[in-house]
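One structure is given here, and the rest of the page talks about it.
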Amino acid sequence: MNHIEFIEKHVCEELLKLGFSLVVAQGGAFQAVDMYKRMSQASRKGKIFDDVLRHAKLWAEKQQLPADRFEKRKVKRSAQPGLF
């Protein structure tokens, strides 16, 4: 297994764990491999996989329908307690 196959396999598995569909996970893995090929260096030493995984997650989130994104980030608001 070379570097590109490693990134493709593990990014796809991680996106599937996060609940994305198979098609979106495969697209995210393709985006991660593409970014890996274009990168000259990582943001920190030994963090290139984390960088491409972050890029794939952002791409995958943008592929969801707006209703899905809204429900995923929906936060129940409670009454703000008074100061006194």
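Coordinate-derived values only; no laboratory data. All figures in this text were calculated on a predicted structure; none of them were measured in a lab. Glycine also receives a Cβ, built like all others from the backbone with ideal geometry; neighbour counts cover every protein chain displayed.
Observations on the model:
- For the range 3-66, size of Cβ-based charge dipole, Lys and Arg +1, Asp and Glu -1, in debye: 240 debye
- The residue among TRP59, LEU22, MET39 whose Cα reaches farthest toward the positive pole of the charge dipole of the range 1-63, with charges on the beta-carbon of Lys, Arg, Asp and Glu, is MET39.
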